[in-house]
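Just so it is clear, none of the values below were taken in a lab; they were calculated from the coordinates. Just so you know, these numbers come straight off a predicted model, no measurement behind them. Cβ coordinates were reconstructed from backbone atoms using ideal geometry, including for glycine residues, and neighbour counts include every protein chain displayed.
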Amino acid sequence: MKLLIATRNRHKLSELRQLFDFPGLLLVAADEVSGLPEDVVEDAETFAGNALKKAWELCRASGLWTMADDSGLEVLALGNAPGVYSARYAGEHCSYADNNAKLLRELTGVTDRRARFRCVIALCAPDGREWTEAGDCRGVILDAERGSQGFGYDPLFVPEGFDRTFAELDAETKNSISHRGNAMRRAAARWGGLLAEAALRQA
């Protein structure tokens, strides 16, 4: 059975293929299936809403079981902003540097720098059923960027239990504690039997 992953990111697909290595299940990326929309407008007010919207649009277009995710940064002192606007915090078509600069401006003089990265993964079946799983990673926001690995807010975020930013950690360490890694592992544990059963029925 094909499981459509709503991404064109090969790194993310590789991660998921390792976690969702179940009998009869073949994971395919969005660019491997014809007739899919190029982009899905992420206008929901929650990570779960955006993840489900992406999953449902591609599920309906393809007729395949579909998985999608949405993630972002929540800063406690900013009322959990930027949240679902993480990718466009400084405006449409902004850069990572623009977003980081705005975040630092908003936190000027703020001593409570607690934050968390959140990720929600959604799974949709062609028969109308849907499921979600979430993961997070808590930490603090620095007052200046450190590190050159990763992307987005990674140079500003130090996860709990570490003295290095996400941008200073190697990929293996980051993935072992990240919000997306946690959500993926939880989803694989919860949905493995369900997907294996569906694959068996289609065999």
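Filter segment 137-173 for residues that are touching a Pro at 6+ places or on another chain (Cβ under 9 Å) and among the hydrophobic types (A, V, I, L, M, F, W, C) and give the result. Cys137, Val140, Leu142, Ala144, Phe166, Ala167, Leu169, listed by residue number.
Can you tell me which residues in segment 150-161 are surrounded by 15 or more Cβ atoms within 10 Å (Cβ to Cβ) and at negative phi?
Scanning segment 150-161 gives Tyr153, Asp154, Pro155, Leu156, Phe157, Val158, Pro159.
Counting the residues of segment 94-127 that are of a type outside the set (D, E, K, R) and assigned to a helix (DSSP H, G or I) gives 7. The condition of being part of a loop (DSSP other than H, G, I, E, B), small (Gly, Ala, Ser) and closer than 21 Å to Ala187 by Cβ holds for only one of Gly24, Gly91, that being Gly24.
With respect to being touching a Lys or Arg at 6+ places or on another chain (Cβ under 6 Å), among the hydrophobic types (A, V, I, L, M, F, W, C) and surrounded by fewer than 20 Cβ atoms within 10 Å (Cβ to Cβ), Val110 falls outside the description.
Do you know which residues across segment 128-153 are assigned to a strand (DSSP E or B), among the acidic types (Asp, Glu) and over 18 Å from Glu42 (Cβ atoms)?
Scanning segment 128-153 gives Glu133, Asp136.
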